[in-house]
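Bear in mind that the values in this text are calculations on the coordinates, not laboratory data. Since the structure is predicted, the reported quantities are computational estimates derived from the model, not experimental observations. Glycine gets a Cβ as well: all are built from the backbone with ideal geometry, and neighbour counts include every protein chain shown.
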């Protein structure tokens, strides 16, 4: 037994040292030789304090005092000096050695070399500090950039607002002159006034485009999707197009397929897309040619709305990039702009959960068309999925909330949510008409509670005089997306159908 | 008797322009250049319709609209907002404040007349 213990001690990788109660070394194993550099002949008989650095000389007597009181010292991390003068980090475990009668007769010290671990720890600490500094710098930069971005956006908003009044004055008085309301004009004067009107209209459009782009980029454009019919949307665009058509010699036609189902869309956004496409078609069409605004049921059951012209068409190499920002359609010499219109149209169509496309043949004409989901759960939710997939949104969570109003009608709450929810959120009315179903996507895992609070506070921001909306929101389900896209889609449809049918 | 339309806009050129459109469609036009004067003009002239700007110093268009709605004798006068504000929130707030119509500046003359006629027809 004794010889086995001696073998363990001598072969231990750690230093195992025996001393008297006065700290004189009596036993010194190979591990101690390796760690401290003294061989046993040089160590035995010498005080153990020879390995303590001067500034830690007080440690040895304190440890020995504890041992005399029959106490142990467990894993005490400290520093010792090797024979070659190099300091090393060690972890000490010190305990009393007793005789068979239980009297303390000596001290056993086990020292573990922890220099490497300490080195790694110091490096990690330094790395962490460096990371903290870099992180702080990034956060400051980020804050600075977001401040600049907000300033730029506010500037665009302010400029757009400020431009509207002078534009109204120029355009309005020119129109009054052209109509002869301020006295008769010669033919040449009428033509010149018409030019002023048209260019002012272009400028007003550019101001609108800038404002829209700024809002789309900031994600602050609100969407209010609800069931609506295409004929009403067509009717709404007429006043905006009448002025353009009056100044051109275009044959304008509208065709709506019979029995077209209701669409689920923000009618105002759909109207703006149509105006946008129609204005382009009118601009790029020769005198006497035809421009048709049409609507029909598409291949997948969705509603398709399009504008077909007999203009100059678009070269195939330009088609692919036509919906990019700052692109110009064709090369008409008299038509200038920022090239934002089609990009805005694309973004607005996307907010309406649809797709935009173009087909064109040079010298024959172009057709720009977009889809809108019909007012059916499968189509609307399918549209949302298509939209998320197309945007390749980063991994996040799709959530389904049941929001029930308190002291307000469902329609009032729907309008409120529409103006405070994120543009990507989908708001449906439950089958019993008592609640709303909100489907939203977020990359932040715990955002749903925050988002509801945000919805409440935004209403305060817009209508400070009213009391905040009271509503009860229940998080029904969340799914990870897009990894579990297909399963989530099926589960969600089932769930919404459940909410719609059973609620 | 011709129907009377009150135009309230702090921009004198625009108020005059709007009045010209109103007269060209066969209506009588009265103009005011701030909210308080506009309210007094409404009490004095009892117009059939008010064309109201939103962004005006002191009392803005929303304030004018609320004060009109609070006065039982003026509450029934229909309002069309004319504004350089194009945000949906402004549009919604205008409709909540009791407006019948909302036109963004710069509007088309035809658009304005069509809106007036749809209310006064």
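In this simple spin-label model, placing a label point 7 Å from the Cα along the Cα-to-Cβ direction at both residue A:199 and residue B:120 gives a separation of 3.4 nm. Counting, for every residue in B:6-16, the Cβ atoms of other protein chains within 10 Å of its Cβ and taking the mean gives 2. GNM remark for chain B: springs join alpha carbons under 10 Å apart, and the peak mean-square fluctuation among B:89, B:31, B:18 falls on B:89.
With viscosity set to 0.692 mPa s and temperature to 37 °C, compute the Stokes-Einstein D of the range A:11-63, Rh being the Kirkwood radius across alpha carbon pairs; µm²/s, no decimals. Spell out each step's value before the answer.
Details: Rh = 11.3 Å.
Result for D is 290 µm²/s.
Take each residue of peptide B:106-119, count the partner chain Cβ atoms within 10 Å of its Cβ, and average: the result is 4. Ordering A:342, B:74, A:353 from the fewest to the most neighbouring beta carbons within 10 Å gives B:74, A:342, A:353. Taking only the C-alpha atoms of the range A:125-239, the Rg (one decimal) and the largest Cα-Cα distance, Dmax (whole number), read 24.1, 85 Å.
DSSP bridge analysis restricted to the protein assembly as shown gives an antiparallel fraction near 75%, rounded to the nearest 5. Within 10 Å of the Cβ of each residue in A:169-176, the mean number of Cβ atoms contributed by other protein chains is 6. Across the protein assembly as shown, Cα-Cα pairs more than 49 Å apart make up 38 percent of the total.
A helix-only calculation puts chain B at -14000 deg cm²/dmol for mean residue ellipticity at 222 nm, using -39500 (n - 2.57) for each DSSP H run of at least four residues, averaged over all residues.
When 1/r is averaged over all different Cα pairs and the result inverted, which Kirkwood radius in Å belongs to chain B?
13.9 Å
Coordinate range of the alpha-carbon atoms in the range A:1-159 per principal axis, descending: 95, 34, 32 Å.
In this rough spin-label picture, where each label sits 7 Å from Cα along the Cβ direction, the residue A:12-residue A:122 distance is 2.7 nm.
Could you work out Rg/(2.2 N^0.38 Å) for the range B:1-72, with Rg from alpha carbons only?
On the way: Rg = 11.5 Å, N = 72, 2.2 N^0.38 = 11.2 Å.
The reported ratio for this selection is 1.03.
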